1. Give the residues of the stretch 13-31 whose amide nitrogen is closer than 19 Å to a point set 7 Å from the Cα of Phe119 in the direction of its Cβ.
2. Counting only heavy atoms of protein chains, what accessible area per residue, in Å², does the stretch 1-56 have with a probe of 1.4 Å?
3. For the stretch 56-95, take every pair of Cα atoms, bin their distances at 10 Å starting from 0, and report each bin as a whole percent.
4. Tell me the mean residue ellipticity at 222 nm calculated for the chain from its helices only (DSSP H runs of n ≥ 4, each -39500 (n - 2.57), averaged over every residue, nearest 500).
5. GNM on the chain, C-alpha springs below 10 Å: top fluctuator among Arg83, Arg93, Arg53?
6. Which pairs in the list Lys70/Lys99; Lys19/Lys92; Lys29/Lys70; Lys25/Lys77; Lys19/Lys48; Lys48/Lys103 are over 32 Å apart, alpha-carbon to alpha-carbon?
7. Name the residue farthest towards the positive end of the dipole of the chain from the options Gln35, Gln10, Gly65, assuming +1 on Cβ of Lys and Arg, -1 on Cβ of Asp and Glu, about the Cα centre.
8. How much space per residue, in cubic angstrom, does the convex hull of the C-alpha atoms of the chain take up?
Amino acid sequence: MGTKMDPELQKKLTTESEKFQALQKDHQKFVKARQVLDGQLSENTFVKEELVRLEPSSNVYKMIGPVLVKQDIAEAKEVVQKRIDYISGEVKRHEEMIKDLDKKQESQKEVLQKLQSQFQQYQQKAALKT
């Protein structure tokens, strides 16, 4: 005769497992977004370095849709720096979210381990009854 699982314990185990999987999914989403931000930050840092190398009389163009529009070097530098500042803030925000999700995953893992332990004890007691 097979051992049946306590329905309440089974329901709780399923619910907590789903919570853990949702946390993992969120974590992956933020890690992926963080990687995209890193790429954007590198790109903009490169553009900033290139703008610094230009002579004040150099022409700089900005692409707006399919058209290149002449832009003042000082304005271009300012726009790129603002973009770098914004992306850096987003990177920091994502890092904080990832740390928070790491903590939540650890906490959820502990909950799952306790439930699994209870399940094993339940199975052992049920096996002794047979």
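The values are calculated or read from the model by the stated rules, or taken from the named source; none is laboratory data. Everything numeric in this text was worked out from a predicted model, so none of it was measured. Methodologically, a virtual Cβ is constructed for each residue, glycine included, from the backbone with ideal geometry; neighbour enumeration extends over all protein chains shown. Only protein heavy atoms, including side chains, enter the accessible area calculation; ligands, DNA and RNA are left aside. Shrake-Rupley method; radii C 1.70, N 1.55, O 1.52, S 1.80 Å.
1. Only 13-25 pass the distance filter.
2. In whole numbers, the stretch 1-56 has 79 Å² accessible per residue.
3. 27, 37, 26, 10, 0
4. Values: 2 runs with 104 residues, N = 130.
Computed mean residue ellipticity for the chain: -30000 deg cm²/dmol.
5. Comparing Arg83, Arg93, Arg53 in a Gaussian network model of the chain, the most mobile one is Arg53.
6. Lys70/Lys99; Lys29/Lys70; Lys25/Lys77; Lys19/Lys48; Lys48/Lys103
7. Gln10
8. Details: hull volume 17.2 nm³, N = 130.
Cα convex hull per residue, to the nearest whole number: 132 Å³.
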